[in-house]
Protein chains: 2
Amino acid sequence: MKGEVKNRRDKIINAFKEKGYRITSQRLAIFDILAKSDEHPSVDMIYKQIKKEFPVTSLATVYKTIVAVKELGEVLELGFSDGCNRYDGQKPYPHPHLICTVCKKICDPDLESLEHVTEELRKESGYKIDHHRIDFFGVCPDCQG
Amino acid sequence: MKGEVKNRRDKIINAFKEKGYRITSQRLAIFDILAKSDEHPSVDMIYKQIKKEFPVTSLATVYKTIVAVKELGEVLELGFSDGCNRYDGQKPYPHPHLICTVCKKICDPDLESLEHVTEELRKESGYKIDHHRIDFFGVCPDCQG
DNA sequence: CTGCATGCAAATAGTTTGCATGACG
DNA sequence: CGTCATGCAAACTATTTGCATGCAG
């Protein structure tokens, strides 16, 4: 098991250690939430959740920690211009999202046909495509009717 | 020619008139830029451009006007979390964009295969898909090498 | 021990808003 | 001429930053 990564949480911890970044209880709490939650939490959601079990944490620390996790490529930031960025610590690489415009739930659809789109674009544009951001907005089954 | 819409500018003007919104010289200047520019300008770019020929215009008016044009569905807002939203007055409906990460140029690629993706998603997710936001990031030919 | 991480508060930046004045229709 | 649009400045909000203190390594 030596050096083996069991889960996303450990992956993030290792990335921090390799960089010589310190492991603090605040950071661990943030890693936990990023690694475990599949709801694509916002900074505020993370902050509120941490406050419950660990009341002595500041918003600034949450922000600073997320910046570091981002730098290490261990979280995907879904920036929204209305000031409610969301974070995906489970799949830190670009992938499409499906967003309910009513309950704001965000989930990860499987979209095999997406490969073709990227390929088509690469061929025809002459761009060196690096990453993408693909969001579909609609009303989820729970919020319909 | 009566009532006929010659171009995007007139389309926007008509939309304003139908709503009983007034046509001012500031608004006309903003419509012009939205309708003519294919560079997906930011509010600031619009503001600076207007200032040249029409020095007595305020940023607030640009913002307020764009809000109105958005409400009428005559401009597409490309919101970015880093606070540099861009606007597309030529094609006010959702469509994919190709963004150069070096020079920040934004262009509209043709992507026929995108239809399949939306269809696949509609079928498999159960969501009522309303709109989407699709950005590809990379380095354009001009900025390569 | 040494320096990086924390918490607090102040600073930042894009956008929005309130209000008095001005001009469209 | 009444009402809505404008310009200014202040308010807002998510995020960032500076600095003194605290704790990881």
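Just so you know, all these numbers are worked out from the coordinates, no wet-lab data involved. Here the structure is a predicted model, which is why all the values come from computation and not from measurement. Reconstructed Cβ throughout: ideal geometry from the backbone, glycine too, with neighbour counts over all protein chains shown.
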*Over 30 Å (Cα to Cα) - which of B:K19/B:K91; A:K48/B:K104; A:K36/A:K104 fall in this group*: A:K48/B:K104
*How many nm is it between the label spots at B:H95 and A:M45, if each spot is 7 Å from the Cα in line with the beta carbon?*
3.3
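I'd like the Kirkwood hydrodynamic radius of the protein assembly as shown, using the inverse of the mean 1/r over distinct C-alpha pairs, in Å. Kindly include the intermediate steps, with their values, before the conclusion.
On the way: mean 1/r = 0.0462 Å⁻¹.
Kirkwood radius, the protein assembly as shown: 21.7 Å.
Between B:K36 and A:C143, what FRET efficiency follows from the Cβ-Cβ distance if R0 is 45 Å, with the result rounded to 0.05? Working shown, then result.
Numbers: r = 40 Å, r/R0 = 0.88.
Working from the Cβ atoms, E equals 0.70.
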_Ordered shortest first, which distances in nm separate the 7 Å Cα→C-beta label point of B:K128 from those of the other copies?_
4.5
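Using 1/(1 + (r/R0)^6) with R0 = 25 angstrom and r between the beta carbons of B:K128 and A:D130, what's the FRET efficiency to the nearest 0.05? Walk me through the numbers on the way to the answer.
On the way: r = 32 Å, r/R0 = 1.28.
Computed FRET efficiency for B:K128 and A:D130: 0.20.
Restricting to chain A, compute how many DSSP beta bridges are antiparallel as a %, nearest 5.
On the way: 6 of 10 bridges.
Bridges in chain A that DSSP calls antiparallel: roughly 60 percent.
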*May I have the convex hull volume per residue, in Å³, for the Cα set of the range A:55-101?*
118
*asked:* If I take R0 = 35 Å and measure r between the Cβ atoms of B:K105 and B:Y21 in this structure, what FRET efficiency does the formula 1/(1 + (r/R0)^6) give, to the nearest 0.05?
replied: 0.60
*At what distance in nm do the modelled label points of A:E71 and B:V67 sit from each other, each positioned 7 Å from its Cα along Cα→Cβ?*
3.8
*Under a 10 Å cutoff between Cα atoms, tell me which one of A:A60, A:A29, A:A68 has the largest fluctuation in the Gaussian network model of chain A.*
A:A60
*At A:E112, label 7 Å along Cα→Cβ: distances to the other copies, nm, ascending?*
2.2
*Note the angle between two axes, namely the Cα long axis of helix B:25-36 and the longest principal axis of the Cα atoms of chain B, as a number of degrees from 0 to 90, rounded to the nearest 10.*
30
*asked:* Taking the Cα of A:E119, stepping 7 Å toward and past its beta carbon, and measuring to each backbone N in the range B:78-113: which are under 15 Å?
replied: B:112-113
*Ratio Rg/Rh, restricted to chain A and using Cα atoms, in which Rh is the Kirkwood radius*: 1.01
